[in-house]
Structure formats: structure tokens, C-alpha cells
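*Asks:* Take this structure first; my questions come after.
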Amino acid sequence: MASASFLPRAPTFASPSLPLKSRLTPRAFQLRARHAPPMHSRTLISSAAPPSTEPKPDSLHRPQGARQKPLSAEQKRFLDSALRVNHAGELAATLIYTAQSPPINKAYPHLRPLMKHMYDQEAGHFQYFNGILAKHRIRPTAMYPAWYAAASLLGWSTGVMGREAAMACTEAVETEIGEHYNGQVRELLAWFKDIEDRGEEIGEELRTMVIEIRKIRDEELEHLDHAVENDAKEANPYELLTGVIRWGCRGAIAISEKV
Ligand SMILES: [Fe+2]
Ligand SMILES: [Fe+2]
């Protein structure tokens, strides 16, 4: 029997050390004031290619020694920005499922285990990035309250529209997020290759982070498959709905990279 404890299991939306009031105050998330330069000043590797074509540096699965060079300022800025987006995206994902699940579970009880499975994975992703941001004192996006409201509204509205619309929402979001993670993984693996080529070694934390981001990326793509299997493409109007959601995701990613 699917868990009836889904609703009470509200995810932790911010660092547990922050009081409730602080969780909704963007300034409170600025654990460290930082003014990263715009991302357009750098070239990101294309995320369009499938995961099977990712660079494969030998050192990804090989424990490293002590000959490590610190990340450059530009690499740190990239990571700050990327992790901030990941954190915001996973927050949004948990909120979408939290809002979608009551109407979907009520109207389509057979989907309850799937909704819970996807929510649980999103909650795990969010917890992971929450920990990374806190550990490295990376500020969450200042748009946190806006994304909180937008994701809840998106989840609720597609949930009440029905199964197909809810699944179309997941399909659209995961298409954008999967591509976003692909680009990030490619960039980080390209760093690894450069580091190897220089005869240096990759930090253990960075190595395990890439492995974790790849795992999260694969789970997002699994959600996309579940959505398509459950008639996402039968949503009406499918093109309009997924087009608007994908546009919104791209906008939220671009804003969260900087703000
Ligand atoms: Fe996720
Ligand atoms: Fe997901």
C-alpha cells in the first residue's frame, strides 16, 4: 500500500539551522555576500549531446593523491552559480510534487506510489544541494520566495488539470533540468581532462560531486520516462503547456545563475 504519510512528510526547504521566518527572506539566504560576474563571459560546453558522449577522464573513478591544484576563480564562480541553480531547481521539484500529489493521488490512486517515488528522489536531491551550499557558504538564489510560489502554483494547477497535465509538467521540467545537468557534467568532466593533461590530480570532493550530479541527472531522466509512459503527451493543450513550462524553467535557470 502506498504511503499515506506523503503529505505530512514535508521536505526541508532550507538549512535546518535557519528559523522559519528566515527561510522566506531572500537576504537571509545570503550566507556570504558574493558578486559573481555574469556567466555570459564564459563559454559553456554544449549540453545537447547525449550522456553517452561525455568526456571520460580516467580519474573520475580513481582515488586521487595529494598533487591537487586549487580551482581557479572562474571555476569557483561557475560552481557557485551551477550549485545555486541546482539547489533552486530541486526546491522547485519538491514543491511541484507536493502540490500535485493530493489531487493526482485522489483522482488516480494507482499513481500514488509513482508520485511518492519521484517526490522522495527530489527531496534527496534537494537535501544534497542544501548540504553543499551550507558547507561551501554559497548563497541560495535571492529569488527563492518567488520560485517557491511559482513552483507551488505550477504543481497545483497541473495537478487539478489531471494526470496528463501533471505528467506533461514533469516531462517539460525534466527535459530542461536534464539538459541543464548534462551541460554541468560535461563542463566538470572537461575540467578533469584538463587537470589530467597537466599531470595534476582532482580533488576528492569535486570527483564525488560529479558522480553525485550524474546520478541525480539520471534520476531526472528516469522521471521524464515515467511521465511519457503515463501519457504526458496526451495533455491538452500539450504543446502550449510544455512550451510555457520549458520557457519558464529556462528563465528561472538563467535568473538563478546570477541572482
Ligand atoms: Fe531532482
Ligand atoms: Fe526530477
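The values are calculated or read from the model by the stated rules, or taken from the named source; none is laboratory data. All values derive from a computational prediction rather than experimental measurement. Please note: Cβ atoms are built from the backbone with ideal geometry, for glycine as well, and neighbour counts cover all protein chains shown.
*Asks:* For the list (1) surrounded by 13 or more Cβ atoms within 10 Å (Cβ to Cβ); (2) under 20 Å from Ala172 (Cα atoms), I need the number of the one condition that Ile202 fails.
*Replies:* All conditions are met except number (2).
*Asks:* Okay, next question. Is it true that Glu179 is over 18 Å from Met118 (Cβ atoms) and within 15 Å of ligand 2 (Cβ to nearest atom)?
*Replies:* In short, yes.
*Asks:* I would also like to ask the following. Exactly one condition in (1) closer than 23 Å to Pro102 by Cβ; (2) of a type outside the set (Val, Ile, Thr); (3) surrounded by fewer than 18 Cβ atoms within 10 Å (Cβ to Cβ); (4) in contact (Cβ under 8 Å) with a residue 24 or more places away in the chain is not met by Ala149; state its number.
*Replies:* Among (1) closer than 23 Å to Pro102 by Cβ; (2) of a type outside the set (Val, Ile, Thr); (3) surrounded by fewer than 18 Cβ atoms within 10 Å (Cβ to Cβ); (4) in contact (Cβ under 8 Å) with a residue 24 or more places away in the chain, Ala149 violates only (4).
*Asks:* I've got another one for you. Mind telling me which of the residues Lys215, Lys193 ends up being of a type in the set (Lys, Arg) and within 14 Å of ligand 2 (Cβ to nearest atom)?
*Replies:* Going through Lys215, Lys193 in turn, just one is of a type in the set (Lys, Arg) and within 14 Å of ligand 2 (Cβ to nearest atom): Lys215.
*Asks:* All but one of (1) touching a Lys or Arg at 6+ places or on another chain (Cβ under 8 Å); (2) without any contact (Cβ under 8 Å) to a residue 24 or more places away in the chain hold for Trp247; which doesn't?
*Replies:* With respect to (1) touching a Lys or Arg at 6+ places or on another chain (Cβ under 8 Å); (2) without any contact (Cβ under 8 Å) to a residue 24 or more places away in the chain, Trp247 is out only on (1).
*Asks:* His125 passes all but one of (1) of a type outside the set (A, V, I, L, M, F, W, C); (2) farther than 30 Å from Asp194 by Cβ; (3) modelled with pLDDT of 95 or more; which number fails?
*Replies:* All conditions are met except number (2).
*Asks:* Out of the residues in the stretch 226-252 that are surrounded by fewer than 20 Cβ atoms within 10 Å (Cβ to Cβ) and among the small types (Gly, Ala, Ser), state the one that is farthest from Thr175 (Cα to Cα).
*Replies:* Gly251
*Asks:* Output the residue which, of all residues in the stretch 199-243 that are in a helix (DSSP H, G or I) and of a type in the set (Val, Ile, Thr), is nearest to Pro113 (Cα to Cα).
*Replies:* So, considering only residues that are in a helix (DSSP H, G or I) and of a type in the set (Val, Ile, Thr), the one nearest to Pro113 (Cα to Cα) is Val228.
*Asks:* Please find, within the stretch 92-140, the residue that is farthest from ligand 2 (Cβ to nearest atom) out of those that are buried (at least 16 other Cβ atoms within 10 Å of the Cβ) and not in a helix (DSSP H, G or I).
*Replies:* Looking at the filtered set, the residue picked out is Arg139.
*Asks:* So the check is Cβ under 7 Å with 6+ separation or different chains; which pairs have a first residue in the stretch 69-84 that's at pLDDT below 90 and a second one that's not charged (D, E, K, R)?
*Replies:* Note: pairs meeting the criteria are Gln75/Trp191; Arg77/Ala36; Arg77/Pro37.
*Asks:* Considering Met143, Met161, Met167, which residue is within 13 Å of ligand 2 (Cβ to nearest atom) and in contact (Cβ under 8 Å) with a residue 40 or more places away in the chain?
*Replies:* After applying the criteria, what remains is Met167.
*Asks:* What single numbered condition from (1) more than 18 Å from the chain's Cα centre (by Cα); (2) crowded, with 20+ Cβ neighbours inside 10 Å fails to hold for Ala172?
*Replies:* Only one criterion in (1) more than 18 Å from the chain's Cα centre (by Cα); (2) crowded, with 20+ Cβ neighbours inside 10 Å is unmet by Ala172, namely (1).
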